Amino acid sequence: MGPVVSAPAPDAAPRIRPARHPVVALTIAGSDPSGGAGIQADLKTFAALGGYGCAVLTGLTAQSTTGVTRVLPVPADMVTAQLETLFADVAVDTVKIGMTSDAAVARAIAAALRDLRAAGRAPYVVLDPVMVATSGDRLLARDAEAVLRDELLPMADLVTPNLPEAAVLLGVEPARDAAEAADQARALLKLGARLALVKGGHLESAESVDHLAGPDAVVALTAPRIPTRNTHGTGCTLSSACAVLRPLHNDWEPAVRAAKDYLTETLRAADTLIIGGTGTAAGPWHGHGPVDHGYAARTAADAAAAWSVSG
């Protein structure tokens, strides 16, 4: 059997994208069969916000809205092969890194990004340090935590931990209030991240307040707290929205604000999706359903259908 990928002709000229071409966004993450988180949530977010999504798979999970029953990492050499093959052909504008599964996979991602930067290509990089699912199930091997902190985090333009994840990265207790969350966002910069967004969803407050730390200041970003249990994939959705929106804005803060606005609306629409608890499992449903990534397209389609009927 011959090679899967053949080398381009030596005189081949690069193809030039036209004006208003969609942002090419890459997600490096694990798969969620239920479609609410992971690769599936990232690709839905990219599409909803006008991007073109590419994906490199780092692991398989067996999960639903009620929890994770098994995690199978993709071998590190296969992750490297996916990245090298993709980067040799596709100019990626922005990268979101999610579940890295284990230390070898985390090292493979870091090495590929270092090689890309050494070649003079520097996409934006958002690191969502996925360690524990909303259900409480662990998604990152403990031996990978140091690699993620020491090798991947310094590659990131933006790191987006929730409060428990920020605490693990820093080796401290989770923040108990907004002031401590802001302090931990500042502390993450000392680990090498250019900016840190510490998400405050775990705090008991009337509003959802995230803290964006940069070299000059910490900005509190506030959004309404939406009363819903359908929160599966919120972290994946926010980080991938930040990644795909950054090339469309002149700085990170407006991109993050726009990403939070998008996440808020997906949460507001989440209860219209009936995904978990519709199968044959006995007993009352006890899961966390997904946010509604496609709410805007669905609203537009409904409006168009109503106009067609009325017209």
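Tabulated data
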{"quantity": "222 nm mean residue ellipticity, helices alone, for the chain (DSSP H n ≥ 4; -39,500 (n - 2.57); rounded to 500)", "calculated": "-11000 deg cm²/dmol"}
{"quantity": "Ranking by accessible area, most exposed first, for Ile16, Ile39 with a 1.4 Å probe", "calculated": "Ile16, Ile39"}
{"quantity": "GNM flexibility winner over the chain from Leu163, Leu197, Leu248 (Cα, springs under 10 Å)", "calculated": "Leu248"}
{"quantity": "The chain, relative contact order in percent, only Cα pairs under 8 angstrom and at least six apart counted", "calculated": "17 percent"}
{"quantity": "Portion, in percent, of the accessible area of the chain that falls on carbon or sulfur, probe 1.4 Å", "calculated": "57 percent"}
{"quantity": "Euclidean distance of C-alpha centroids, the range 88-105 and the range 230-265, integer Å", "calculated": "18 Å"}
{"quantity": "Förster-model FRET efficiency, 22 Å R0, Ala220 and Glu173, C-beta, rounded to 0.05", "calculated": "0.55"}
{"quantity": "Largest to smallest accessible area among Tyr124, Tyr52 [probe 1.4 Å]", "calculated": "Tyr52, Tyr124"}
{"quantity": "Per residue solvent-accessible surface (Å²) - the chain, probe of 1.4 Å", "calculated": "49 Å²"}
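The values are calculated or read from the model by the stated rules, or taken from the named source; none is laboratory data. Everything numeric in this text was worked out from a predicted model, so none of it was measured. Using ideal geometry, Cβ is built from the backbone for each residue, glycine included, and neighbour counts are taken over all protein chains shown. What goes into the accessible areas is simple: the full protein's heavy atoms, side chains included, and nothing from ligands, DNA or RNA. Shrake-Rupley method; radii C 1.70, N 1.55, O 1.52, S 1.80 Å.
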